[in-house]
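First up is the structure itself, then whatever we jot down about it.
The values are calculated or read from the model by the stated rules, or taken from the named source; none is laboratory data. Keep in mind that this is a model prediction, so the values were computed, not measured. Cβ sites come from the backbone with ideal geometry, for glycine too, and all protein chains shown count toward neighbours. When the accessible area is computed, the model is the full protein with side chains, heavy atoms only, and any ligands, DNA or RNA have been set aside. Shrake-Rupley method; radii C 1.70, N 1.55, O 1.52, S 1.80 Å.
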Amino acid sequence: MRKSILLMIQTIHFLKIFILGLILPFFLQASETFTPYSSSKDVPVSVVELWDSYNPSSEELDTKVINETKENGVISRYVTYRVGTFKGVEARVAAYYTFPDKPGKHPAFVWTHGGGQRAEKDRGIYFAKQGYAVIDINWLGRSMENGVKENTDWGKVDPTQGPRFYKNALRKQWKRTLVPDEYSIDPVPSPRNSNWFLLAVAGKRGITFLEQQKEVDRNRIGFAGFSMGGVITAMNAIDPRLKAVAPFVGGTGFRHIDLTGIPRSSTKAHFQHLELYKNTIDCSSTWPLVQCPVAFITSSNDFHSTYERIQQAMDLLPHNNWRVSANIHKNHGPGPEQWTLLNLWFARHLKGENIYIPRTPKSTMEIKDGEALFTVVPEDLKNLQEVEIYYSYDPNSRTRFWKSQPADLHLSNHLRHYTTRIPVFPQLPIYAFALCRYKLDEAITLQNGSTETLTVNSVEQIYEPNDLNLNAFSNIPKTRLIDDFSQGTQNWATQNGSNLKGYIFQNPELDRSDDLALCLTINPQGRDLVLRLNTSSRFLSHGKDIGDFHATRKISGKGKQKIVFTIDQFNGKKDESLSWSAIVNFSISITDLESKQKLDLSGIDEPRYLQRIEMIPSP
């Protein structure tokens, strides 16, 4: 009898295990944020289908506050929240949540950092002092505070950039494709296997986090991000909960398309399912659906949001409430005149303040009789300080030299418009825009620096002939003058005036024959100086990057001196020689040996130290 009872108990026990084994997978599957697709037929083929079935508010956030500080009227919390459950394991991201320490409901926004970066407490504090609640998501998982172990943990998925930044990385590097692997959601090719999808989900959950905070007005939420964070911003811009977005140097889309006339300049080679990618993940699929106002903040030579792609993205919007602000002759580094647009944009669209933001200036370009007549019409003239017109024949916007052209003012019918004439060369494209600079009603103190002006870029005009042939660059008449500074430093970017940087060697009008020498006319003004020149060749056509080179020279005395460098006097890689035509970014600095300080080369101080740069026959 005892044996029978024991046998019965064992049988019941094994039955329990067997039944549990049968039903456990169903419970696990039910706990998954996304049920894996079992067939390619189930995979969504449009961005609308991709997100329609996802509710970012349906799962608990399970927010944990790791620490909290109160200082100068601001509360800052180090938090983690649940992104979702993937492959049976919870994924969480860390973030700084910062808000004003005062009663009321505040406007708020999500910030997403760029590649290789991390969430920043100081950024949230700055904006909390402006009246915003901000959640700054640490999606990459880099350490945020010394001594704090809790951080982003993606569990059994990995949308990060590898172990260099994320200690729990499951892959060695960034995953571009939609192809499944052991760390992706779906066992078939799917947009949910893209790293971008999971980062967008983390962003949507960030919006949900803000909605649920008692100090946040859920009807006044925005989204912004830098570089890769700009892509996350653009992907989330279709979320109906957002009232405004501001992507920085990222998020254009079209990165699967080569730059005009430049083979292998896109990322399309990485995609085995290109149509699926461009219709579900690429930002060009989201822009036609974005209803909220868009401020795109960038640089004229940005590698990540190339300039023509920005205009293409804005052309897809179903509304005209957008602005582009780009600083000139720079890559991936907007300046104060551009960053201030973020402050103004959110003040108007989240705070509801009556903020004056000039509209995007309209432009046209008419080609006739070997000339292109470019016209820009700033509709808003209040506080308009100056109009700068730039053009180029080079389709590679990452490396192009934007040539400044004088703008002629015309007045008619109470309108003010500016024109310039650009020579047209057979088989070559033309790219042109105007940078309109406006005086602010009062100076704005930013997180880094301050500004009294704002720039708003016009609509870009693009002419690309059907018979485009970049070999036709050789037909452009050449000059050996690089700059005589008659227009100041308009052809250069400056950092506090102490460095001149620019793309001047990519000017197709410049004679860059390697048998020429580089000559700089300098007046040391009785000081002992060191001149330093640096070059880089990144983002040229595929295979043409020859690395970085530098050259230095001590200078002393009074009066003008011609400082000459031959091409072999630049030092770089052992196995590479410099070529003038391979210089993309060229920088100049002059240091005073006595004070150890770099001199101001911006032209504010007269007489100039640096007076002329040109190519001359080699000595």
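General remarks:
- Three principal axis extents of segment 306-345 based on alpha-carbon atoms, in descending order, are 29, 24, 11 Å.
- Label reach from T177 (point 7 Å along Cα→C-beta): in segment 273-292, amide nitrogens under 20 Å belong to 273-282.
- If you wrap the tightest convex hull around every Cα atom of segment 512-561 and split its volume per residue, you get 95 Å³.
- Cα gyration tensor, segment 130-286 - rounded (a/c under 1.5), prolate or oblate: oblate
- Förster radius 22 Å - calculated FRET efficiency between N466 and E509 (Cβ-Cβ, nearest 0.05): 0.40
- Compared with the alpha-carbon gap, the fully stretched path from V564 to R538 is longer by 6.9 nm at 0.36 nm per residue.
- Within the accessible area of the chain (1.4 Å probe), percent carbon and sulfur: 49
- Between amide H atoms placed 1.01 Å from N, distances below 5 Å from G84 occur with A91, all of them 5 or more places distant or on a separate chain.
- Ranked by solvent-accessible area (1.4 Å probe, protein heavy atoms only, all chains present), the residues Y132, Y356 order from largest to smallest as Y356, Y132.
- Rolling a 1.4 Å probe over the heavy atoms of the protein chains gives segment 96-255 an accessible area of 33 Å² per residue.
- Top positive-direction residue, dipole computed over the chain with Cβ charges, set Y609, L411, G131: G131
- J(HN,Hα) series, segment 172-179, from Karplus relation 6.51 cos²θ - 1.76 cosθ + 1.60, nearest Hz, glycine and proline x: 7, 7, 4, 9, 8, 7, 9, 6
- Backbone geometry of segment 240-250 corresponds, through the Karplus equation with coefficients 6.51, -1.76 and 1.60 at θ = phi - 60°, to 3J(HN,Hα) couplings of x, 7, 8, 9, 6, 9, 8, x, 10, 6, x Hz, x marking Gly and Pro.
- Selection from F539, I444, Q569 lying farthest towards where the dipole of segment 422-574 points positive, charges on Cβ: Q569
- Rolling a 1.4 angstrom probe over the protein heavy atoms with all chains in place gives segment 354-500 an accessible area of 48 Å² per residue.
- Cα-Cα separations in segment 401-487 greater than 22 Å, expressed as whole percent: 52
- Anisotropy class of segment 433-539 from Cα gyration tensor, a/c 1.5 cut: oblate
- Helical runs assigned H by DSSP (4 residues or longer) give the chain a calculated mean residue ellipticity at 222 nm of -5000 deg cm²/dmol, each run adding -39500 (n - 2.57) before division by the residue total.
- Modelled FRET efficiency - R0 35 Å, N571 with V424, Cβ distances, 0.05 increments: 0.30
- Dipole magnitude (debye, nearest 20) for the chain, charges at Cβ of Lys, Arg, Asp, Glu: 1640
- Near-label residues of segment 501-516 by backbone N, under 13 Å of a point 7 Å along Cα→Cβ of S579: 512-515
- Contact order relative to length of segment 234-371, as percent, for alpha carbon pairs under 8 angstrom and 6 or more apart: 25
- Under 5 Å between amide hydrogens, built in the peptide plane, is the criterion, and for S577 it picks out nothing among residues at least 5 positions away or on other chains.
- Cβ-Cβ FRET estimate between F473 and D408, R0 fixed at 25 Å, reported to 0.05: 0.35
- DSSP bridge orientation in the chain - percent antiparallel, rounded to nearest 5: 80
- For the chain, averaging the sequence separation of C-alpha pairs within contact (under 8 Å, six or more residues apart) and dividing by the residue count gives a relative contact order of 9 percent.
- Computed from the C-alpha gyration tensor, the three semi-axes of the ellipsoid equivalent to segment 474-619 are 25, 17, 15 Å, from longest to shortest.
- Estimated vicinal HN-Hα couplings, Hz - segment 253-258 in sequence order (Karplus 6.51, -1.76, 1.60; Gly, Pro = x): x, 6, 6, 8, 10, 4
- Kirkwood estimate for segment 536-600, i.e. one over the average of 1/r between Cα atoms, Å: 14.0
- Cα-based reach from K156 at 27 Å (exclusive), listing lysines while leaving out same-chain residues under 8 positions away: K41, K64, K87, K167, K172, K175, K204, K278
- By the rule of a C-alpha distance below 21 Å, with chain neighbours fewer than 8 residues away ignored, the lysines paired with K478 are K403.
- Measure of compaction for segment 342-499 (Cα Rg per 2.2 N^0.38 Å): 1.20
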